[in-house]
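For reference, the structure discussed in these notes is given below.
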Amino acid sequence: MIEVTKHTRDVLLGVAKKKKIYIEGNFLKILQAPKGDTEFEEYLKLCKEKDSESRRKRLKVTKQVQQQNKELVSKQKENDELMEELQIALEESNQLREEAEKGKDKALEDLEVMQKKTQFELISTIVKVALYVIVGVGVLTTVMYGLALMSGTDTQIIGSTWSNMFGILLTNAFSIVGTIMGVKYATEKE
């Protein structure tokens, strides 16, 4: 133990009274008050109490910091897990988007095929109806011309009309087929 000199004692007590600064730490364990100096004994007792209180506060703060560190580590772990889940969800979302785009492309291709098929069927129907009308008018006109010949009626006007009718029907037939073929080739991509 170290016995404090009168000068040191007076300095320590003066600092404690004026500035409220006290000795702390392990140094207190080796200090000893001069014999019979109750004031300095009280001072050392007060220093030990303040040191003990200060240590308790520091220990409490240390425990709080350790608890907060544990919580932070736990939260960081949760955060990392959430980030992994988010990354997986993002990858799944990208895969779904790619699949949706493939599905859209497939649907557009199917639609285009159906449109071409419908156009082809429509053109085929138009050509058939046009040919039926042309053949029907041609047959009807020929039958009428034949009846006029058999009945002995003058066929000069009917003959020229019959000839003109066939020319018009033939021209119209080629015009219809040409228009349809032009539309067909105009709508192709190439």
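The values are calculated or read from the model by the stated rules, or taken from the named source; none is laboratory data. Owing to the predicted nature of the structure, the values given are computational and were not obtained by experimental measurement. So basically every Cβ, Gly included, is an ideal-geometry build from the backbone, and we count neighbours across all protein chains shown.
Residues of region 1-51 being in contact (Cβ under 8 Å) with a residue 12 or more places away in the chain and of a type in the set (D, E, K, R), which ones?
Glu3, Lys6, Arg9, Glu24, Asp37, Glu39, Lys48, Lys50, Asp51
Pull out all pairs, ordered by first then second residue, where Cβ-Cβ is under 7 Å, the residues are six or more apart or on different chains, the first lies in region 117-129 and is under 18 Å from Ala173 (Cα atoms), and the second is aliphatic (A, V, I, L, M).
If the second residue must be aliphatic (A, V, I, L, M), the pairs left are Ile123/Ile180; Ile126/Ile180; Val127/Val177; Val127/Ile180.
Does Lys6 count as of a type in the set (Lys, Arg), at pLDDT below 90 and touching a strand residue (DSSP E or B) at 6+ places or on another chain (Cβ under 9 Å)? Quick ask: steps written out before the conclusion?
Working: of a type in the set (Lys, Arg): yes; at pLDDT below 90: yes; touching a strand residue (DSSP E or B) at 6+ places or on another chain (Cβ under 9 Å): no.
No; evaluated as a whole, the condition is false for this residue.
Would you be able to say whether some residue in region 106-119 is at pLDDT 90 or above and over 25 Å from Gly182 (Cα atoms)?
Yes; the residues of region 106-119 include at least one that is at pLDDT 90 or above and over 25 Å from Gly182 (Cα atoms).
Identify, please: which residue in region 120-132 is among the β-branched types (Val, Ile, Thr) and either loosely packed, with under 11 Cβ neighbours inside 10 Å or modelled with pLDDT of 80 or more (or both) and is, among those, farthest from the chain's Cα centre (by Cα)?
Val129
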